[in-house]
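Take a look at the structure below.
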Amino acid sequence: MLRYLTAGESHGRELTAIIEGMPAGLEVASADIDSELKRRQCGYGRGGRMKIETDRVEITSGIRHGKTLGSPIALVVRNKDWENWTEIMASGEATLPADSRAVTRPRPGHADLTGGIKYGHRDLRNVLERSSARETTMRVAAGSVARRFLDEMGIQVYSWVTEIGGVRGDVKGVPSSLFKGAETSQVRCPDKLASKAMMERIDKAKAAGDSVGGAFEVVLTGVPPGLGSYVQWDRKLDARLVFALMSIQAIKAAEVGMGFKVASTPGSEVHDEISYARKGLSKEFWPRRPGFSRKTNNAGGIEGGMSNGEPIVLRAAMKPIPTLYKPLRSIDIETKKPFRASVERSDVCAVPAAAVIGEAVVAFEVASAFIEKFGGDSITEMKRNYKGYLDSVAGY
Ligand code: EPS
């Protein structure tokens with residue numbers, strides 16, 4: 001079983017992730033993780049904090065001489081902003097500055113109020129420090145190790161932004177080319193015209209003191225048929241992937257393949273017809289050798305809770321960031337008086353970053369399903385098991 005936990009507060013000393021269940025012998029360099037952390041920090045519409053932080057990982061256990069040991073992997077990323085918060089965020093007794101920055105004014109759309117009620121906190125900083133999307137740094141760190149694993153098994157993970165604040169991009173095509181386009185766009189959208197319009201939309205929101213949400217797609221190629229299972233509810237791959245996406249801060253909806261459109265489309269146009277190729281197909285698709293495939297991919301690569309060999313296609317929608325310069329009405333938890341929430345620093349749009357986080361959480365879940373199916377304590381053993389399966393699939 002592959003699993004991970006994260007720890008850390010947004011303005012605390014550091015963020016931590018512990019990954020358990022990664023087989024031994026996987027090559028992982030801190031540069032592999034750092035490059036993913038950097039991708040998460042990019043994107044038009046981020047606020048002042050991203051100028052302070054340059055996230056870099058320290059691998060503190062589980063990897064020796066560049067290879068996983070099979071033991072738990074611990075990853076740490078330090079918060080540079082911590083220097084400005086040492087007293088306020090101290091774990092022991094500390095002399096608090098005159099402005100201790102206690103938060104008694106819950107922001108609409110945040111975890112602040114309900115978190116305070118639930119945990120009995122009267123300083124809502126105790127809630128916002130952990131509910132903050134700063135935590136996604138460690139999702140990406142853990143995801144980048146999973147991604148290294150998937151790469152070893154010939155599985156690629158891509159993402160691009162499809163929509164920001166109502167501006168939609170035209171994003172149909174070959175996943176690897178769309179991904180290349182996304183990587184050079186400041187808003188991760190491969191459609192150049194739409195990219196420009198999205199940036200203008202962000203500027204407009206910023207000028208109005210507002211924020212904007214959007215949607216992104218995560219696509220995986222090279223996934224073999226048979227990950228996940230139809231036999232039990234919690235083993236269904238689509239359910240697991242949507243759970244992973246929904247667990248990202250500010251995500252309000254997630255769908256697989258045709259998604260919500262299946263509700264209004266007749267069966268004859270929804271279901272993907274089956275074909276058989278005696279020769280291998282292109283690298284973008286799974287059967288690099290003879291085998292079954294689908295003529296279309298409305299199912300998004302998952303049928304009956306199992307990967308079917310087609311690219312896995314997922315989509316998620318992110319709400320606009322709730323910390324707004326334009327004040328929204330709320331109630332102070334101490335005075336019970338209304339006020340208008342104001343902020344000092346915030347992002348206007350974080351959809352491009354959310355797409356990178358989407359890649360990471362999905363990569364982790366697919367790696368987990370892969371490890372469940374092919375077992376093995378080392379990469380060599382797992383590759384042997386995988387090859388045996390591929391041979392039997394090719395002969396089916
Ligand atoms: C966040 C608020 C902002 C974001 C932060 C998430 O931070 P601050 O309050 O320090 O300005 O920049 O995102 C990150 C720090 C990050 O690494 O993504 C929030 O409230 O969720």
Are any of the pairs LYS80/LYS206; LYS67/LYS172; LYS261/LYS387; LYS51/LYS172; LYS172/LYS326 more than 31 Å apart by Cα-Cα distance, and if so, which? LYS67/LYS172; LYS261/LYS387; LYS51/LYS172; LYS172/LYS326
dims of the range 242-396, Cα set, principal axes, largest to smallest, nearest Å -> 71, 45, 23
Considering only protein heavy atoms and a probe of 1.4 Å, how much of the accessible area of the range 182-311 is carbon and sulfur, as a whole percent? 57 percent
Regarding the range 174-232, what whole-number volume in Å³ per residue does the convex hull of its Cα atoms give? 110 Å³
So for the range 208-247, what percent of the C-alpha to C-alpha distances run longer than 11 Å? 75 percent
Highest-first arrangement of 216-227, 145-156, 373-384, where packing means the average Cβ count within 10 Å: 216-227, 145-156, 373-384
Separation of alpha-carbon centers, the range 189-233 and the range 108-165, rounded to whole Å: 15 Å
Kirkwood-Stokes translational diffusion coefficient of the chain, alpha-carbon pairs, 4 °C, 1.567 mPa s, µm²/s: 58 µm²/s
Measuring from a point 7 Å past the Cα of ALA208 along Cα-to-C-beta, which residues in the range 302-323 have an amide N at less than 17 Å? 319-323
If you wrap the range 73-172's Cα atoms in a convex hull and average its projection over all directions, what's the area in nm²? 11.0 nm²
Within 10 Å, count the other beta carbons around each residue, average over each peptide in 266-273, 93-100, and list them highest first. 266-273, 93-100
For Cα pairs less than 8 Å apart in space and 6+ apart in sequence, what is the mean separation divided by the residue count of the range 296-396, i.e. the relative contact order in percent? 14 percent
Need one number for the range 304-383: average projected area of the convex hull over its C-alpha atoms, nm². 10.1 nm²
Relative contact order [Cα under 8 Å, 6+ residues apart], the chain, whole percent: 21 percent
DSSP H helices in the chain with Cα extent of 18 Å or more along the helix axis and mean Kyte-Doolittle hydropathy at least 1.0? 351-374
Using only Cα atoms, what is the ratio of the radius of gyration of the range 152-288 to 2.2 N^0.38 Å? 1.24
Find which of ALA341, PRO322, ILE371 sits farthest along the positive direction of the dipole of the range 308-384, computed with +1 on the beta-carbon of Lys and Arg, -1 on that of Asp and Glu, about the Cα centre. ALA341
For a protection proxy built on the mean count of beta-carbon atoms within 10 angstrom, sort 306-314, 293-301, 352-360, 182-190 highest first, please. 352-360, 306-314, 182-190, 293-301
So, in nm, how far is label SER275 from label GLU87 when the simple model puts each one 7 Å beyond its Cα toward the Cβ? 7.0 nm
Give me the log10 of I(q) over I(0) for the range 3-151 at q = 0.09 Å⁻¹, as the Debye formula computes it from C-alpha points; what are the numbers? -0.34
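The values are calculated or read from the model by the stated rules, or taken from the named source; none is laboratory data. What you see is a predicted model; the values in this text were computed from it and never measured. As a convention, Cβ positions derive from the backbone with ideal geometry for all residues, glycine included, and neighbour counts pool all protein chains shown. These accessible areas exclude ligands, DNA and RNA; they are computed on the full protein's heavy atoms, side chains included. Shrake-Rupley method; radii C 1.70, N 1.55, O 1.52, S 1.80 Å.
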